[in-house]
Amino acid sequence: MANWFTQLNDFSIDVLLLIVVILLKLFMAHFLPILTKNEPLQFFNWYCQQLASKVNKSNNSISQQHISGFIAVLITFLPLSIILWLFEDFIAVTWLWHAILLYLAIGNFKLSLASKAISQSLSLKQNHLAKQTLKPWILRNVDNLSTMGIAKTTIEMQLLRYLQNYLLIAFYFLSVGALSALLIKLAIMMHYCWNTKLNKYHHFGHFISLVVTLVQWLPNRIFTLMIMLTCIGNNALKNTKKLSGQWFNLNNNIVIHSLALSLNIQLAGVAMYNDVKLRRKSFNDNGNQPQTSDILAANKVILHIFYFLLALTILTAITTLLIH
C-alpha cells in the first residue's frame, strides 16, 4: 500500500486527498451533524469582528477607511502566510498536513440539506420556518420576504455558497496548493464579515472584496461555461449571446445570470441589508418568478456540474498516471 501511494504524482495525491476529504465531510454532514454544527474556523469570524471594531471608524474619511481595510487584511494574512509556510518544513508527513488544511478550508456540505429543508418548509406553507433556516446563510433581511422572495434568495445563496466554499477551494487546492486554499477560505470569511453591502463596511471592506472577486473570476467563468453546456438544445446560443458583455466584468453577475437563463427564472434585483434597500441588477426579467420547486432544480444543476468537474478531475489524474 505504501509503495503504491509513493508512486503517485503530486497532482494525483492532491486529487485523492480532495476525494477523501469530500467524502469525510459528506459523511459527517449526513450522519454526524452535531460535529458539523459550527465551522472549524468559526473563531476567525470573531477575530474579524474584533479587528474591525478597533480599526474601522465611521467618522474617518473614505480614503482612511479604504487604507484601514487594506492594512487590516495585510496584518492578518502576511504573518499567517509566513508562519504556515515555514511550519510545513517541520511536518514529516506532508500529505497529511495538506489534508488538514483542505479539511479546514472546504465547506461542511450542509448546504444541500439546508436548501431541501427550506424547500420542504415552503411546500408546507411554513414560511417562518423557511426564513429561520435561510437566515444563518445570508446577510439579507428575511423577515419581509414572500414565498417567491425566499425561493429566489435561496437559489442565489446556494449558487454563490457552492462556488465560494467548494469549487473555489478545490480549484486553488489543486492548482496552487493547500495553503492557498486555506488562505482563500479565510479571505472569503473575512469578506462575509466585512461585506460592502453593509453600510459600516462599504469602504472598509473594499479591498478584501476586491481580492475575493479576483480569485473568483476564473472559477466562476468555468462554472458559467458548464451551466451553458446544460442549455445545449434549449436556447443555448441565444442564452450565450445574452452573457456576451459580462465575461470580463469583476463581479458574480455572469454566473447568476447564466443560472437564471438555465432555469428560465428571474434572479437578483432589489434586496434589503440591515433594513437598507439595495437596488441590484436583475437578470432574465422575461423569465418566470422563482417557485419552491426551482430551489431543488437549481440545487440539481449545481450539484451535477460540481460532480461532473470532480469526475473530470479524477479522469485527468488517472490519465497523468498512465502517461507517466
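Details
- Every pair of residues 6+ apart whose Cβ atoms lie under 9 Å, when the first sits in the stretch 42-54 and is touching a residue at least 24 places away in the same chain (Cβ under 8 Å) while the second is acidic (Asp, Glu) and outside any helix (DSSP H, G or I): 45/39
- Count of residues meeting criterion [modelled with pLDDT under 90 and among the hydrophobic types (A, V, I, L, M, F, W, C)] in the stretch 138-156: 4
- Criterion violated by residue 118 - all others in (1) surrounded by 19 or more Cβ atoms within 10 Å (Cβ to Cβ); (2) within 24 Å of residue 18 (Cα to Cα) satisfied: (2)
- Flag if residue 159 is assigned to a helix (DSSP H, G or I), surrounded by 16 or more Cβ atoms within 10 Å (Cβ to Cβ) and either at pLDDT 90 or above or aliphatic (A, V, I, L, M) (or both): yes
- Any pair with Cβ under 9 angstrom, 6 or more apart, that starts in the stretch 310-324 at a residue that is in contact (Cβ under 8 Å) with a residue 24 or more places away in the chain and ends at one that is outside any loop (DSSP other than H, G, I, E, B) and among the charged types (D, E, K, R): 317/14
- For the stretch 33-65, filtering for residues that are assigned to a loop (DSSP other than H, G, I, E, B), modelled with pLDDT under 90, more than 19 Å from the chain's Cα centre (by Cα) and surrounded by 11 or more Cβ atoms within 10 Å (Cβ to Cβ) leaves 2.
- Looking across the stretch 266-290, the residues that are touching a residue at least 60 places away in the same chain (Cβ under 8 Å) and touching a helix residue (DSSP H, G or I) at 6+ places or on another chain (Cβ under 6 Å) come down to 267, 268, 289, 290.
- One residue from 96, 129, 113, 78 being surrounded by fewer than 17 Cβ atoms within 10 Å (Cβ to Cβ), free of Cβ contacts under 8 Å to residues at least 40 places away in the same chain, in contact with a helix residue (DSSP H, G or I) (Cβ under 7 Å, 6 or more places away or on another chain) and part of a helix (DSSP H, G or I): 129
The values are calculated or read from the model by the stated rules, or taken from the named source; none is laboratory data. Since we're looking at a predicted model, the values are computed, not measured. Using ideal geometry, Cβ is built from the backbone for each residue, glycine included, and neighbour counts are taken over all protein chains shown.
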